[in-house]
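A short worksheet on the structure shown next.
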Amino acid sequence: MSSKLGGKPEEAQPLLDYLLALNHQGENLMINENLNSVSKLQAALIVAEVFVSSFSKDTLYKNFEHKLKEWGFEKGWGDSAGRVRETMRLASEILQAPDPINMESFFSRLPTTFNIVIFSIHGYFGQADVLGLPDTGGQVVYILDQVRALEEEMLRRIKQQGLNMKPKILVVTRLIPDARGTTCNQEMEPILNSSHSHILRIPFRTEKGVLRQWVSRFDIYPYLENYAKDATAKILELMEGKPDLIIGNYTDGNLVASLLANKLGVTQGTIAHALEKTKYEDSDVKLKEFDPKYHFSCQFTADLLAMNAADFIITSTYQEIAGSETRPGQYESHTAFTMPGLYRVVSGINVFDPKFNIAAPGAEQSTYFPFTERKKRFVKFG
């Protein structure tokens, strides 16, 4: 991206257009139409940076907000004079001589993500009494921890940007009327230890109405297209507009995320958790043996569509992507393979694509922490 911007005013036009388009529920962020050319933005940044430098770095944004607005700047640059000055300096440097480091720093500060949708469809997704039920395990724990961490990080960033919006996170899963004593038959459920995150459950529908019983993750595919339509309508209603980011989990969640992201024009991320192709030896060439029970023809196709449609892919380890000297990676195994009688894949995925990101799951910091933090420890036990 930095090489495309070049440093000439006309080459920086895409960046200006992007900044002008930033808004939240109709409220402009960063800049407004008064700065409708690259030269105007460059000149305004120079004047504004000098002006903001006259304040101590801890001066709150509201104390000089009015003057910046007169020059065409909106909220989003920072919550203090020091933060605003740093962000404006990054913008000036990018417009003059863009480089990857400054680009990454600048874009990490932009107010772009307020509403997130996370899909995890199969199994019994709940917060109590679900682990151990069919198709229900670590993915549920992973996502609930992820949501709490996401909300905390989003609140921190929104505050640093000088904004007072509240984030919204929806974990969209399946509503199961025959819930086996769990909350999986409730449409909405607040996520514990969070303030702005909820579980939204959408049922599977057939021509006969709502499907009441649990369905195996291998038999789920006939319901997903209608499910995506129902989920889209409910998400747009609850969020009062399009989400800023859609994240899918496992094959079914990634496929539905792809359908929504494509329809709404939203950034899409995928998390595989487990690509079944490497779990069952020769599952591609033995398709006729496996397909009646596992429907791998649907699953492998859905995985290929989602991983190629995604804007970014989150993995836990390098080995998940590219494997080792003795074993291919889960994604690497989709580079080239054949499902006899169906189709042959010759270039399924590029494992060197920069869309791949490695982010280890980590640990719950309220449980795991340095022994030196004595206030958190149960010291009376020894």
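Only the coordinates and a few stated rules stand behind these numbers; no lab work does. All figures in this text were calculated on a predicted structure; none of them were measured in a lab. When we count neighbours, we look across all protein chains shown, and the Cβ atoms used for this are built from the backbone with ideal geometry, even at glycine.
Any idea how many residues of the stretch 7-37 are out of contact with any strand residue (DSSP E or B) (no Cβ under 9 Å at 6 or more places or on another chain) and assigned to a helix (DSSP H, G or I)?
9
Let me spell it out: the conditions are (1) assigned to a helix (DSSP H, G or I); (2) out of contact with any strand residue (DSSP E or B) (no Cβ under 9 Å at 6 or more places or on another chain); (3) in contact (Cβ under 8 Å) with a residue 40 or more places away in the chain; (4) not basic (Lys, Arg), and residue 129 meets all of them except one. Which number is the exception?
Of (1) assigned to a helix (DSSP H, G or I); (2) out of contact with any strand residue (DSSP E or B) (no Cβ under 9 Å at 6 or more places or on another chain); (3) in contact (Cβ under 8 Å) with a residue 40 or more places away in the chain; (4) not basic (Lys, Arg), only one is false for residue 129: (1).
Would you pick out the residues in the stretch 204-214 that are part of a strand (DSSP E or B) and not hydrophobic (A, V, I, L, M, F, W, C)?
Listed by number, the residues that qualify are 205, 206, 209.
Identify, please: which residue in the stretch 311-335 is in contact with a Lys or Arg (Cβ under 8 Å, 6 or more places away or on another chain) and hydrophobic (A, V, I, L, M, F, W, C) and is, among those, nearest to residue 251 (Cα to Cα)?
Per the criteria, the residue is 313.
Going through the stretch 340-376 one residue at a time, which ones are surrounded by 13 or more Cβ atoms within 10 Å (Cβ to Cβ) and acidic (Asp, Glu)?
Within the stretch 340-376, just 353 meets the criteria.
So in the stretch 261-299, with the set limited to residues that are of a type in the set (A, V, I, L, M) and farther than 19 Å from residue 122 by Cα, which one is surrounded by the fewest Cβ atoms within 10 Å (Cβ to Cβ)?
Step by step, filter the stretch 261-299, then rank; the result is 285.
Restricting attention to the stretch 168-203, report how many residues are assigned to a loop (DSSP other than H, G, I, E, B), within 19 Å of residue 133 (Cα to Cα) and of a type outside the set (Gly, Ala, Ser).
Counting residues in the stretch 168-203 that are assigned to a loop (DSSP other than H, G, I, E, B), within 19 Å of residue 133 (Cα to Cα) and of a type outside the set (Gly, Ala, Ser) gives 9.
Output the number of the condition that residue 308 fails; it satisfies all remaining conditions of (1) closer than 19 Å to residue 248 by Cβ; (2) over 24 Å from the mean Cα position of the chain (by Cα); (3) surrounded by fewer than 19 Cβ atoms within 10 Å (Cβ to Cβ); (4) not basic (Lys, Arg).
Only one criterion in (1) closer than 19 Å to residue 248 by Cβ; (2) over 24 Å from the mean Cα position of the chain (by Cα); (3) surrounded by fewer than 19 Cβ atoms within 10 Å (Cβ to Cβ); (4) not basic (Lys, Arg) is unmet by residue 308, namely (2).
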